[in-house]
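Engineer: Here you go, one structure.
Each reported figure results from applying straightforward, stated rules to the coordinates on display, with no laboratory input. Computed from a prediction, not measured in an experiment: that's the story for all the values here. Ideal geometry is used to build each Cβ from the backbone, glycine not excepted, and the neighbour counts take in all protein chains shown.
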Amino acid sequence: MIDLMTSSMDYLAKKFNYIFLYPSDCSYESNPIINSLKTVPYFKKIPTPGGQLQLQMSLGMAMDGYSVVTIFPHITNFLPCLSDLVNTIGKIDDIWENAIKPNIIIRVGYDDKSDMVSRQYKMDAVNFLTKTILDDNESIVNVFDLQGPSLIYEANDRGGIYLFLERLALYTNLNDTKSEASN
């Protein structure tokens with residue numbers, strides 16, 4: 001899975017207007033989602049302090065015409081940003097009178113067996129966030145449980161704002177299977 005996701009990030013990096021934001025305190029080795037950026041050219045990546053500032057930078061850059069891939073290595077890093085996402089995105093059409101359509105891919109890692117969202121709300125993180133981001137019964141952000149890179153390519157083709165939740169177990173299980181096969 002990591003090789004496929006790395007290829008999808010490389011594909012986007014070759015496009016001239018893509019920028020990649022990620023928290024500066026997360027190393028490539030510590031998180032498989034961040035690891036998918038390891039071959040993206042340095043000048044395309046912007047390390048940030050993370051959290052709300054990272055999301056606000058993503059929104060601002062998207063409003064300025066950039067296509068942004070922003071990565072939150074864990075859902076607990078993303079949840080404090082949710083109100084900013086909903087409140088800002090909900091106002092973009094009013095502010096810009098439909099003159100711009102931001103193109104943002106938000107990648108968020110989560111572990112559905114141990115995350116607060118699953119434990120506290122007793123539901124899948126995708127369902128929780130989909131219900132949270134609804135505005136007048138119309139989703140302002142496309143929320144998907146990412147199982148592979150095909151939706152990344154589709155998001156690039158369609159444009160808009162996509163929130164991809166990535167189960168960290170997908171990366172772990174595949175790595176465990178490969179290491180077992182080699183033994």
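Engineer: Are there trypsin sites (Lys or Arg not before Pro) in region 10-103 that DSSP puts in a loop and that have at most 13 other Cβ atoms within 10 Å, and which ones?
Structural biologist: Lys14, Lys15, Lys38
Engineer: With r as the distance between the Cβ atoms of Met63 and Asp3 and R0 = 30 Å, compute the FRET efficiency 1/(1 + (r/R0)^6) and round to 0.05.
Structural biologist: Using R0 = 30 Å, I get an efficiency of 0.35.
Engineer: Near the amide H of Gly160, under 5 Å away, which other amide H atoms are found, from residues 5 or more places off or on another chain, if H is placed in the peptide plane?
Structural biologist: Asn103, Ile104
Engineer: Full extension from Leu53 to Ala169: what is 0.36 nm times the residue separation minus their Cα-Cα distance, to one decimal in nm?
Structural biologist: Working: separation 116, 0.36 × 116 = 41.76 nm, distance 2.75 nm.
Using 0.36 nm per residue and subtracting the Cα-Cα distance, I get 39.0 nm.
Engineer: Using the number of other C-beta atoms within 10 angstrom as an exposure proxy, rank Phe144, Phe16 with the fewest first. Walk me through the numbers before you get to the answer.
Structural biologist: Numbers: Phe144 16, Phe16 8.
Fewest to most other Cβ atoms nearby, the residues stand as Phe16, Phe144.
Engineer: Going by C-beta contacts inside 10 Å, put Tyr22, Tyr11 in order with the fewest on the left. The partial results should precede the final answer.
Structural biologist: Values: Tyr22 24, Tyr11 14.
Taking fewest neighbouring Cβ atoms as first place, the list is Tyr11, Tyr22.
Engineer: When the Cα centres of region 65-88 and region 40-57 are compared, how far apart do they sit, in Å?
Structural biologist: 11
Engineer: Once Rh for region 16-81 is found with the Kirkwood sum over Cα pairs, what is the Stokes-Einstein diffusion coefficient at 25 °C and 0.890 mPa s, in µm²/s?
Structural biologist: For these conditions, the coefficient is 205 µm²/s.
Engineer: By counting other Cβ atoms within 10 Å of each Cβ, how are Glu166, Glu154, Glu97 ranked from fewest to most?
Structural biologist: So the residues, fewest neighbours to most, are Glu97, Glu154, Glu166.
Engineer: How big is D, in µm² s⁻¹, for region 37-117 by Stokes-Einstein at 37 °C and 0.692 mPa s if Rh is the Kirkwood radius over C-alpha pairs?
Structural biologist: The diffusion coefficient I find is 238 µm²/s.
Engineer: Between Tyr153 and Thr39, what length in nm is gained on full extension when 0.36 nm per residue of separation is reduced by their alpha carbon distance?
Structural biologist: Between Tyr153 and Thr39, full extension yields an extra 39.3 nm.
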